[in-house]
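Participant: Okay, here's the structure, questions in a sec.
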Amino acid sequence: INSKMLGAQEFAEKTGKKEVWSELGKAQIDLNMLRESIDSFIKAEDPQMYLRVITTANNDDCYEDLVQYLLRLESSKRIVIDTELIFSYAKCGEKCLVDLENFVREPNQADLQKVGDKCFDAKIYEAAKIIFTKLGNNQKLAQVFVMNKEYI
């Protein structure tokens, strides 16, 4: 399978056609080659497989790769994409908190309450604090402060 994939990748590079990159990405994701499939879908500029990419990345804990993919889809402005992008930033940890904060500050389509709750449930309290502050959800914000042992 590996030599076939290598040949397919060489073919995609040689042709440079978006349709070929898209087909390669589909084959790669079927073989659990997430990073490679994300790279192929980016080169294909193909957002059609975004739900499968999101699910696979969440299952494999590959949030940094998912961020790169979702940023390419940002122009689509789907609620699912913006929501998953924020959660992926949160899962990437401290190094992505500034990106998360900037994204939340900008106009977006994300379901902030949903992603804030998801961050809280995953014990990603710094991200939850940013989101609940943006929402003005003082009840959830108070819970975050308690979990972070940030008593006033």
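The values are calculated or read from the model by the stated rules, or taken from the named source; none is laboratory data. Computed from a predicted model, the values in this text were never measured in an experiment. Cβ placement follows ideal geometry from the backbone for every residue including glycine, while neighbour counts extend to all protein chains displayed. Please note that ligands, DNA and RNA were not included when accessible areas were found on the heavy atoms of the full protein model with its side chains. Shrake-Rupley method; radii C 1.70, N 1.55, O 1.52, S 1.80 Å.
Participant: Answer with yes or no whether A122 is hydrophobic (A, V, I, L, M, F, W, C), closer than 24 Å to V53 by Cα and open to solvent by 40 Å² or more (accessible area, probe 1.4 Å).
Facilitator: Yes: the conditions hold for A122.
Participant: A further question follows. Search the stretch 110-152 for residues being of a type in the set (G, A, S) and assigned to a helix (DSSP H, G or I), and hand back the single one that is farthest from the chain's Cα centre (by Cα).
Facilitator: A142
Participant: Can you name the residue in the stretch 60-109 that is touching a helix residue (DSSP H, G or I) at 6+ places or on another chain (Cβ under 9 Å), part of a helix (DSSP H, G or I) and polar (S, T, N, Q) and, of all such residues, is nearest to M33 (Cα to Cα)?
Facilitator: The selected residue is Q68.
Participant: If you go through the stretch 43-61, how many residues are within 17 Å of T15 (Cβ to Cβ) and open to solvent by 40 Å² or more (accessible area, probe 1.4 Å)?
Facilitator: So the count comes out to 2.
Participant: Does A27 satisfy the condition of being without any contact (Cβ under 8 Å) to a residue 60 or more places away in the chain, out of contact with any Leu (no Cβ under 6 Å at 6 or more places or on another chain) and over 28 Å from E126 (Cα atoms)?
Facilitator: Answer is yes for this residue.
Participant: Further question: Restricting to the stretch 5-19, count the residues that are open to solvent by less than 40 Å² (accessible area, probe 1.4 Å) and in contact (Cβ under 8 Å) with a residue 12 or more places away in the chain.
Facilitator: Qualifying residue count, the stretch 5-19: 3.
Participant: Let me ask something else. Evaluate the following for A90: is it closer than 20 Å to R72 by Cα, modelled with pLDDT under 95, of a type in the set (G, A, S) and open to solvent by less than 70 Å² (accessible area, probe 1.4 Å)?
Facilitator: It is false that A90 is closer than 20 Å to R72 by Cα, modelled with pLDDT under 95, of a type in the set (G, A, S) and open to solvent by less than 70 Å² (accessible area, probe 1.4 Å).
Participant: Go through (1) over 24 Å from S37 (Cβ atoms); (2) open to solvent by 20 Å² or more (accessible area, probe 1.4 Å); (3) modelled with pLDDT of 95 or more and name the single condition M147 misses.
Facilitator: M147 satisfies all of (1) over 24 Å from S37 (Cβ atoms); (2) open to solvent by 20 Å² or more (accessible area, probe 1.4 Å); (3) modelled with pLDDT of 95 or more except (3).
Participant: Condition (residue is of a type in the set (D, E) and closer than 14 Å to Y89 by Cβ) applied to the stretch 140-152: is it met by at least one residue?
Facilitator: Taking every residue of the stretch 140-152 in turn, none turns out to be of a type in the set (D, E) and closer than 14 Å to Y89 by Cβ.
Participant: Let me ask you something else. Might you check whether a residue that is within 30 Å of E19 (Cβ to Cβ) and open to solvent by 50 Å² or more (accessible area, probe 1.4 Å) occurs anywhere in the stretch 95-117?
Facilitator: Among the residues of the stretch 95-117, at least one is within 30 Å of E19 (Cβ to Cβ) and open to solvent by 50 Å² or more (accessible area, probe 1.4 Å), which makes the answer yes.
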